[in-house]
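> Take a look at the following structure, please.
The values are calculated or read from the model by the stated rules, or taken from the named source; none is laboratory data. Only a predicted model underlies this, so the values are computations on that prediction, with no experimental measurement involved. All Cβ positions, even for glycine, are placed from backbone atoms using ideal geometry, and neighbour counts span all protein chains on display. We work out accessible area using only protein heavy atoms, side chains counted, and drop any ligands, DNA or RNA first. Shrake-Rupley method; radii C 1.70, N 1.55, O 1.52, S 1.80 Å.
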Amino acid sequence: MNSTASSLSIAVYGHESADPASVAAALGAHVAHVAEAHIDAAIFAVNPSMGVDQATIDIWSAYDEFQTPRILVVTHLENQEADFDDAVMVANRVFDLMATPYLVLHDEAGLPCALISLETMQILDYSTVPPTKRPCEPEHEVLVQEFRDEYLELTSSLGEGAFAAGVLFPAIPMWIEKTLGVDIVKNYLQQLNV
């Protein structure tokens, strides 16, 4: 069991098409089907090509009462039927306003291969093991500037500790087999250990 799970109780929710069992296994969490008042964090897995089912929406809403920290993970990005941005748009409509601290970069074949941090403008390249960091190219800066401005405004307005307080909801792209995004979700969960 990983260090995240040994100190935190984490529940994973989502339609089976989003593979919540694999998300739970990658994060040392457990799959749940009802809101649990005693948990430290709830992770909601969404497959962008399938949308969000009503049961998952209802569970998200149940956590509003507890102000439980929640993370949206967007899985199955490799299928190319829908993308991270589509899933975030849906989540903004059916859950709450999502924060997107990272955007997906694709390789020549159109597959996710890296994430760009909107906070630091660093690229996390998952085509290497372990992932490597590098500064983004000037053209990336131009392409993501509007998204970056929105993200920085949101995080600034909510303040430090907003995720742990259950009022900032990060949306993280995740391709478990390539470890893409797994480290980022674990970093968010570590914020709850302090």
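> Given the protein chains as shown and a 1.4 Å probe, how many square angstrom of R134 are accessible, to the nearest 10?
Roll a 1.4 Å probe over it and R134 shows about 90 Å².
> Please identify the longest segment of the chain free of exposed GluC sites (Glu not before Pro), where exposed means a DSSP state other than H, G, I, E or B and no more than 13 other Cβ atoms within 10 Å. It would help to have the intermediate numbers written out before the result.
Values: sites that count: E65, E81, E108, E119, E160.
For GluC sites (Glu not before Pro) (loop position, at most 13 other Cβ atoms within 10 Å), the longest site-free span of the chain is 1-64.
> Mind checking which of A11, A55, A21 has the largest fluctuation in a GNM of the chain, springs on alpha carbons under 10 Å?
Sorting by GNM fluctuation, first place goes to A55.
> Would you mind checking which residues have amide H under 5 Å from C113's amide H? H placed 1.01 Å from N; only 5 or more apart, or other chain.
It is L105, H106, D107, by chain and number.
> Also, quick follow-up: Please report the spacing between the Cα centers of region 1-60 and region 92-135 in Å, no decimals.
That distance is 21 Å.
> Could you do me a favour and compute the accessible area per residue for the chain, 1.4 Å probe, result in Å²?
49
> Can you give the FRET efficiency for V94 and V167, using 1/(1 + (r/R0)^6), R0 = 22 Å, r = Cβ-Cβ distance, to the nearest 0.05?
Values: r = 18 Å, r/R0 = 0.81.
My answer for the efficiency is 0.80.
> Calculate what fraction, in whole %, of the accessible area of region 147-186 sits on carbon and sulfur atoms when a 1.4 Å probe is rolled over the protein chains.
After summing per-atom areas, the C and S share lands at 52 percent.
> Is the chain best put as rounded, prolate or oblate by its Cα gyration tensor, with a ≥ b ≥ c the root eigenvalues, rounded for a/c under 1.5, and otherwise prolate when a/b is larger than b/c, oblate when not?
Verdict is rounded for the chain.
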